[in-house]
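Reviewing the structure listed below.
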Amino acid sequence: MRLSRLFLPTEREAPADAEALSHKLMVRAGLVRQVGAGLWSWLPAGWRVHEKVVQIIREEIDAIGGQEMLMPVMQPAELWKKSGRYGFPEQFRLNDRKGAEHVLAMTHEEVVTLHVSGAIRSYRDLPKILYHFQVKERDEPRPRAGVLRTREFIMKDSYTFDRDAEGLQAGYDLHAEAYARILERCGLEWYSVEADVGMMGGSMAHEFMAPCAAGENDVALAPGYAANVEIASADAQDPGPLDLDGEHHTPGLTTIDAVAGALGVPQGRLLKAFPVVLEGGERVDVFVRGDHRVNEFKLRNALKTGYRPAREDEIGRPAGFLGPSDDVRTVYDAAVGEGPWLVGANRADWHEVRSVQGETLDVRTVVAGDTVNGAAITVEPAIEVGNIFKLNTRYSEPLGATFLDENGKEQPVWMGSYGIGPARIAAAAVEQFHDEQGIAWPKAIAPYDVEVVALGKPNSDEARAAESLYGELQAVGLDVLLDDRAAGAGEKFADAELLGCPLRLTVGKRSLESGAAEAVARRGRADLDPVPLDGPVEAVRERWRGLP
RNA sequence: CGGGGUGUAGCUCAGCCUGGUUAGAGCGCCGCCUUUGGGAGGCGGAGGUUCGUCGGUUCGAAUCCGACCACCCCGACCA
């Protein structure tokens, strides 16, 4: 492609409202443009990146036996009512001209299960892996960070259909391995973590995370351990000594900070109350250490039910001075030992030191420095680029996807669901690989493999030499971008570094004199051995092999 | 949904507080010339349905008031 003809609107300055690096750089480099909140167009160069990621995903899912298909975005509401997923706040709903209700799909479990339920009859028809690349529509409460969190995006989602839990495990493992290969090939730094199953239902989930500053998830890491902090579990640090006894007058001191400060006690020696009401109506007081925080995901999972914070009139004791009480079910976080602890005395303006005993559940959010198998964890932000879920029979049962086993007995199909987002992979790559000058793409997903910068005027000897280099490289199947614009050298170099193609070849007067084009690796802006203008292909291939 | 902020040229912004000829700058864009190894220079020029929308105040509104809309950031939320 000739840059003089490419629709590549680069900008010197980042959009004023952009925060995330990938947002700024992808807009500046002319890869994407915003249409509305969480709605983005991919311009030609950006789309090339997206589609390179798509192709890698396709090859790896095909390799584990996936069969590509396509299902519609707009779907009858009926189907979603059956699965019990109609009416989510982030679901776009609309009526057709006859008034019939439809939804715009946020994912495709319902439809794919519908097809399977209609076509799969026998255990002989299983297993199956079906997948497609399709637009997902989600009315996100808060789209953000450019292309990282949008209301409309393309996802590869695949679904496995098996006869039992073992089969599902096999499909799950195949996807975990395929995702590992995809992210490796895309050149990302990544890891997989245990994850909350969330509203998808099912029994097991892993997320594939790309660590970067703009990440929306926090991940707890230790040697041999990686988990989303939503579910991470670790041993707590020593809270420090408690040299105190008896009751203490603490007038107006309702916060951990205030009480710990006034009595000279480490915050970790206090207990903090979190009064809740379960979905069934039961009142529960949850206690965690003063230096810890209740983790809402872990608490919901540990209680095995939803809950809401209790209102003041439901607590029945003075808020701010809550301690364990015999009158209400009490749950202690696993990091809360017998004590003694400094706790609220259940009457205003008093705290007391006492030991505690009772039901124990792991419900706190881990913090950096906690330990797993003796090793301290770190917590870092990451982008979720893919996830895999065991759905079990969450969808097959309501949607009637069953098969007959060898004994002629009807059984529900066991399902798994596996998503991965090309746009997030592209944005994560930008987050991870950039510098002051711009993007430094991994070579597998760069918009072009090589950018040839032609210096000198159009039709000069340099320009003609660049043209011929361009032609020779193209002829052997490389994706080559030729900067043939009538622009100054500085502008061409600046744009090339912004766009971030892995290999840049410069043809100017110097190269005519030496008979070789200068070669620069975008990553690290490292000078490579020059490429001879006479027979450049082998040299370019050799330089290319060495690039990340 | 709560809090904060922003809407003026393709982009980044000034002007608004303290209302008053024809609404400005830089970059970008067009023409000509010069230049051609790091966003170079000169001359000339175009570009705003008149300042997000609607309404109000006023002799007069980009500027003051109100409502609404859009977008961004923080939080809530996030299959």
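Within segment A:201-216, does at least one residue satisfy the condition of being within 14 Å of RNA strand B (Cβ to nearest atom), open to solvent by 60 Å² or more (accessible area, probe 1.4 Å) and touching an Asp or Glu at 6+ places or on another chain (Cβ under 7 Å)? Yes, that holds for at least one residue. Here the condition is being under 30 Å from A:Met26 (Cα atoms) and at pLDDT below 90; of A:Glu431, A:Glu384, A:Glu436, A:Glu359, it holds for A:Glu436 alone. Do we find a residue being part of a helix (DSSP H, G or I), open to solvent by 40 Å² or more (accessible area, probe 1.4 Å), polar (S, T, N, Q) and out of contact with any strand residue (DSSP E or B) (no Cβ under 6 Å at 6 or more places or on another chain) anywhere in segment A:248-257? No, that holds for no residue. Screening A:Ile154 on (1) touching a residue at least 40 places away in the same chain (Cβ under 8 Å); (2) within 23 Å of A:Ala444 (Cβ to Cβ); (3) aliphatic (A, V, I, L, M); (4) in a helix (DSSP H, G or I) shows it passes everything except condition (4). Condition check: under 16 Å from A:Ile154 (Cα atoms) and assigned by TED's automatic domain parsing to the domain that holds A:Asp162. Does A:Gly38 satisfy that? So A:Gly38 fits the description; yes. Checking each residue of segment A:306-328 against the condition of being touching a Gly at 6+ places or on another chain (Cβ under 8 Å) and outside any loop (DSSP other than H, G, I, E, B) gives no match. Taking strands (runs of 3 or more DSSP E) as the structural unit, no element lying wholly within segment A:355-453 holds at least 3 residues that are open to solvent by 30 Å² or more (accessible area, probe 1.4 Å) and closer than 30 Å to A:Arg504 by Cβ. Of the helices (runs of 4 or more DSSP H) lying entirely inside segment A:1-92, those containing at least 1 residues that are more than 14 Å from RNA strand B (Cβ to nearest atom) are A:44-63, A:77-83. Residue count for segment A:56-105 under the criterion of being surrounded by 13 or more Cβ atoms within 10 Å (Cβ to Cβ) and among the polar types (S, T, N, Q): the result is 3. Look through segment A:264-313, keep the residues that are under 30 Å from A:Asp245 (Cα atoms) and surrounded by fewer than 13 Cβ atoms within 10 Å (Cβ to Cβ), and return whichever of them is farthest from the chain's Cα centre (by Cα). Taking the candidates together, the pick is A:Gly264.
For segment A:517-535, the condition holds for at least one residue, the condition being that it is under 24 Å from A:Lys24 (Cα atoms), in contact with a Leu (Cβ under 8 Å, 6 or more places away or on another chain), within 13 Å of RNA strand B (Cβ to nearest atom) and in a loop (DSSP other than H, G, I, E, B).
The values are calculated or read from the model by the stated rules, or taken from the named source; none is laboratory data. Not measured: the values here are computed from a predicted model. Please note: Cβ atoms are built from the backbone with ideal geometry, for glycine as well, and neighbour counts cover all protein chains shown. The protein model used for the area step is the full one, side chains on, heavy atoms only, and it has no ligands, DNA or RNA in it. Shrake-Rupley method; radii C 1.70, N 1.55, O 1.52, S 1.80 Å.
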